[in-house]
1. Rank these by accessible area, largest first, 1.4 Å probe: THR655, THR270.
2. What figure, in Å² to the nearest 10, do you get for the accessible area of LEU481 with a 1.4 Å probe and non-protein molecules left out?
3. Kindly state, to the nearest 0.05, the FRET efficiency for ILE438 paired with PHE417, given R0 = 30 Å and r defined as their beta-carbon distance.
4. State the percentage of accessible surface on the chain attributable to carbon and sulfur atoms; use a 1.4 Å probe and exclude ligands, DNA and RNA.
5. When only DSSP loop residues count, what chymotrypsin sites (Phe, Trp or Tyr not before Pro) in region 438-501 have their Cβ near at most 14 other Cβ atoms within 10 Å?
6. Any idea what angle helix 681-690 forms with the longest principal axis of the chain, computed on alpha-carbon atoms, 0 to 90 degrees, nearest 10?
7. Which of the lysines could be linked to LYS88 by a straight reach, that is with a Cα gap under 27 Å, when you skip same-chain ones fewer than 8 residues away?
8. Name all residues of region 221-245 having a backbone nitrogen under 13 Å from the label point set 7 Å from the Cα of ILE483 along its Cα→Cβ direction, giving them as ranges.
Amino acid sequence: MLSLRAPLFSVSLAFALGCVVGLAGWIAFGTALILMGILGLLWLILASYEKASLATFYGYVASAGLVHTLLVGSIIPADDLRRLPEDKTLTTTQWRGVIVEEPTTQLSLSATRRSFDHTSFTLQVESWRPTAGRLFSAPVDEPWQPAQGNVRCTLLGPAQEILCGDRIEFAAPLSPIPSPLCPGELDYRAYEAAQGIYYETTVSALNWQRIETGNGHWWQDLSFRARDWAYARLQIGLEDDPRMADFLAGMLIGYRQDIPADIEQDFRRTGTLHVFAVSGQNIAEMVVVAIILLQLCGLVRWRWAWTLAPIVLLYCLLTGSPSSAVRATVMALAVLAAWRMGRPLNALGCWSLAFLAMLVWNPAMVLDPGAQLSFGVVLGLILIAPPLARFLIRPFRPDSFLPEALLTSAQKREEHFWWWVMGLLSTSIAATLISEPITAIDFHQITPISILANLVVVPTAGLITMVGTLSVAVSLVATPLAILLNNANWLFARLLIMFVGFLAHQPGASINVPDIRSLSSPPSSFIVAPLQDSSCLLVRTSKQVWLFNTGRENITRTATSQMLQFYGINRLDGLVLTQMSGPDNSGAEVIARDFHPRHLVVPVLHTRSPLEKVLPEIAGSAGGNLESWQRGQGFNLASDVRVEVLHPAADSSETRAEDRALVLLFYAGDQTLLWAGRIDAQTQSDLFALYPDLHADVLVMGVDSPPNEEWLKSLRMRHWLQLPPREKQLNLTGSPSVSDGAYQVWPLNQTGAVDIHFWPAYGGQPSSIVLRPWLMLPVQSN
């Protein structure tokens with residue numbers, strides 16, 4: 001029923017339900033409009049029947065959310081990028097627009113690789129024109145045509161001094177944002193679509209120019225400049241420790257770009273990553289600091305609300321105005337408005353108003369995990385924490401028949417202490433009860449340690465936020481005091497990192513839970529997943545899980561680790577580095593530290609790869625010893641799964657690192673899978689000579705070098721899973737053509753990860769192989 005204290009609560013939930021149905025696309029717009037009209041008419045007719053009228057009212061609100069969502073999604077202007085002709089995919093098409101996001105630059109460590117530097121930003125397109133194939137520097141007579149939409153841009157080449165608000169012109173093709181290639185990988189297509197971004201492009205250093213500086217979206221430009229200013233204030237006195245300064249900036253203003261990856265991972269594993277998201281806690285602590293300053297200045301209390309409102313807006317500006325800060329700002333302004341007007345402060349009503357306002361502004365927000373956590377946790381703190389705190393405090397309260405006036409000072413202090421402890425514990429439990437189901441569904445992970453961790457992290461983060469806010473404020477008038485406050489924060493942050501790092505690696509601190517979709521893939525199964533410049537193989541049996549290759553370090557964090565979480569894997573039985581190169585296994589340390597493989601395996605032949613120098617450290621992270629595999633060895637991974645090593649031998653004469661990699665033959669019953677990696681034609685010929693009767697039902701091999709046709713024919717394979725070629729630039733993809741053969745070709749950069757099941761003969765039925773791609777079935781077959 002409608003709550004007299006928070007009538008918007010049930011209304012906002014009904015509206016959110018309609019938004020979810022609309023985003024699912026189950027009902028057409030015309031049908032939804034008719035449904036809304038029918039429910040509105042029933043509501044009027046049944047006005048005299050309280051329960052029936054209330055039910056139809058909720059139905060009407062839900063249908064209104066449904067219609068609103070469908071209407072927002074269906075309104076696509078004629079000059080929207082999605083409606084432009086196919087000329088937008090040509091490399092010579094020219095575009096104009098303004099940068100609406102702070103550009104981020106990634107620099108190569110080596111001066112010889114400056115061509116791999118790139119800068120990323122979001123561009124709001126304003127106009128475009130076809131050029132009939134003319135180069136960017138050639139004169140073009142075609143007039144500019146209107147266009148609108150946002151594009152995720154990557155500018156290649158040395159770092160450029162470009163800022164938010166700059167207007168640029170470039171020539172490049174637009175391509176849809178790709179779908180994730182691996183299970184569990186973040187769906188950037190859906191994430192960007194929620195931000196109104198449907199296309200991406202890569203611009204070479206010679207195909208762009210700046211046509212105007214800093215006259216674009218002044219609000220975003222001002223916001224990012226304010227955040228950079230606050231970032232500089234927080235670094236005063238910490239110039240010798242930029243790592244810690246970046247950590248503090250992440251906590252205070254949400255500047256997470258430069259937070260060390262290992263620290264971020266520890267906070268993620270303890271369920272305390274929320275301290276880096278600017279939320280209601282940050283704004284509440286900032287308001288407390290502002291109230292203290294206002295009280296010291298002697299400002300009349302009834303004016304505080306008017307004074308605090310612009311301070312809240314300024315803080316939102318300093319953080320770069322992320323969506324979480326905007327949500328918290330809306331709630332804070334609602335509280336301040338109620339306070340100023342003398343209305344009762346109702347937290348649930350303010351939550352409902354902010355939730356409903358955000359849904360009206362962007363219905364897709366309801367499916368955003370960040371928004372779900374933000375609104376869900378706050379709702380849990382409002383509805384669950386207070387009664388839980390009253391329940392937990394009962395054993396520690398004084399006798400209820402004893403008047404409060406008769407309590408001694410010590411008894412009052414003790415009661416206040418237990419109220420504070422139980423209040424903190426109840427908020428931690430309430431936040432965990434709400435956040436754990438969301439993180440389990442969206443991120444395939446739960447963190448039981450978060451209840452304990454938040455007891456220390458939340459008050460410490462609050463202290464750091466308050467000290468940091470004071471530091472930024474006083475830096476305007478007293479730099480030495482700002483240095484003192486920043487160094488105090490350095491100590492608090494250091495202690496916090498040590499505490500979280502200790503908890504993060506305790507047994508059971510975080511538990512990966514399988515996605516419901518993974519239940520359709522029972523063991524034994526082989527999952528071949530493409531990674532940037534590499535690929536990996538996950539072998540799941542009824543008792544063991546083995547991972548072959550990890551990919552680059554950054555890809556390991558965003559793809560390989562997420563895939564293991566998708567299948568609910570918490571510990572690996574074995575990690576095999578089939579090739580000692582950065583693109584294939586520079587993320588080995590990440591996997592070893594987080595998944596503690598019982599066996600760490602490398603090829604018997606050594607290379608000059610820098611990866612080999614850190615193998616002892618990686619083995620230490622795994623808690624085991626290094627093992628080397630060589631030709632002639634075989635290992636049982638399960639009762640029905642065996643692997644044999646075909647290459648290399650201890651006396652092999654290969655010189656290329658790729659040809660020193662492991663070539664493995666897996667047996668699943670009477671069927672086989674051959675992992676050949678990226679070996680060249682000569683190594684293929686050597687294998688053909690050594691194993692003339694070798695047969696593989698499934699071949700996993702790259703196409704960087706031309707395959708040995710004689711060897712391919714001798715394998716009598718039924719499926720060839722092609723590893724994508726190494727990308728020479730960020731925007732080059734594709735698979736070379738293959739010769740005719742009686743096999744199915746699976747280009748992994750098109751099909752995504754492939755889940756392979758070998759089914760044995762049963763009940764008179766012959767053995768079979770079932771391959772299920774993550775994205776799409778292959779379009780090529782031979």
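The values are calculated or read from the model by the stated rules, or taken from the named source; none is laboratory data. Quick caveat, the model's predicted, so the values are computed rather than measured. Backbone-built Cβ (ideal geometry, glycine too); neighbour counts: all protein chains shown. Protein only, heavy atoms only, side chains kept; ligands, DNA and RNA dropped before computing areas. Shrake-Rupley method; radii C 1.70, N 1.55, O 1.52, S 1.80 Å.
1. On the way: THR655 125, THR270 0 Å².
Accessible-area ranking of THR655, THR270, largest first: THR655, THR270.
2. Roll a 1.4 Å probe over it and LEU481 shows about 80 Å².
3. Numbers: r = 32 Å, r/R0 = 1.08.
Approximately 0.40, to the nearest 0.05.
4. Answer for the chain is 62 percent, counting heavy atoms of protein chains only.
5. Numbers: sites: PHE443, TRP490, PHE492, PHE499; in loops: none.
Sparse-neighbourhood loop chymotrypsin sites (Phe, Trp or Tyr not before Pro): none present.
6. 60
7. Cα-Cα hits under 27 Å: LYS728.
8. 236-240
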